[in-house]
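Quick notes on the structure that follows.
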Amino acid sequence: MGIIVVGIDGSAGSQAALRFAAAEARLRKAKLRLVAAWSLTYVAAPIGMMAPIDDALLPELQRNARAVIDHAVAEVLGDATDIEIEKTIAEGSPAQVLVDAAQGADLLIVGTRGHGGFAGLLLGSVSQQIAHHAPCPIVIVPRAKA
């Protein structure tokens, strides 16, 4: 049985990627590995100062990432029992977490958020980063036309 990795971030693009991934998993009789990344963001402070991180915050971030995956499964897959699902949450940048999770996988699937153009060049893009670093074939599911 193969493994298909799909990035989940709660966006409409990641739901489209999950729909595509589920269809591929059924076709290939593969397991779905749903991956959500979380990370701490830091706010600029006076030079040399950084507020300590409350240890209670980390489990909350993990619970939120798990909730994003659970919500996506409920919305897109419902009660589907014909696909084996593995849920993975990890700390780190989304692109690196996905590349790591795709080691040994048959396919890596992500959605797009549609930044595009100049904004996309300034902000960078998870899909662009995985296109350069993925250890397996990738699919970037385009944003649905309105």
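Where a number appears in this text, it was derived from the coordinates with a stated rule and is not lab data. The shown structure was predicted, so the numbers you read here are calculated from the model rather than taken from an experiment.
Amide H of ARG143: which non-local residues (sequence gap of 5 or more, or other chain) have their own amide H closer than 5 Å, using H built in the peptide plane?
Sorted by chain and number, the residues that satisfy this are THR112.
Would you pull out the residues with amide H under 5 Å of SER93's amide H, same chain only if 5 or more places away, H placed 1.01 Å from N?
For SER93, no residues qualify.
With θ taken as phi - 60° and the coefficients 6.51, -1.76 and 1.60, list the Karplus ³J(HN,Hα) couplings across the range 63-71 in order, rounded to whole Hz; mark glycine and proline as x.
4, 5, 5, 5, 5, 4, 5, 4, 5
Sequence-distant or interchain residues sharing an amide H contact under 5 Å with ASP9, placed H: which?
Amide H neighbours of ASP9, under 5 Å, 5+ apart: SER14.
Once fully extended, how much extra length lies between VAL139 and ASP106, figured as 0.36 nm per residue of separation less the alpha-carbon to alpha-carbon distance?
Result: 10.8 nm gained on full extension.
If I stretch the segment between MET1 and LYS87 completely, what's the gain in nm (0.36 nm per residue apart, minus their alpha carbon distance), one decimal?
29.3 nm
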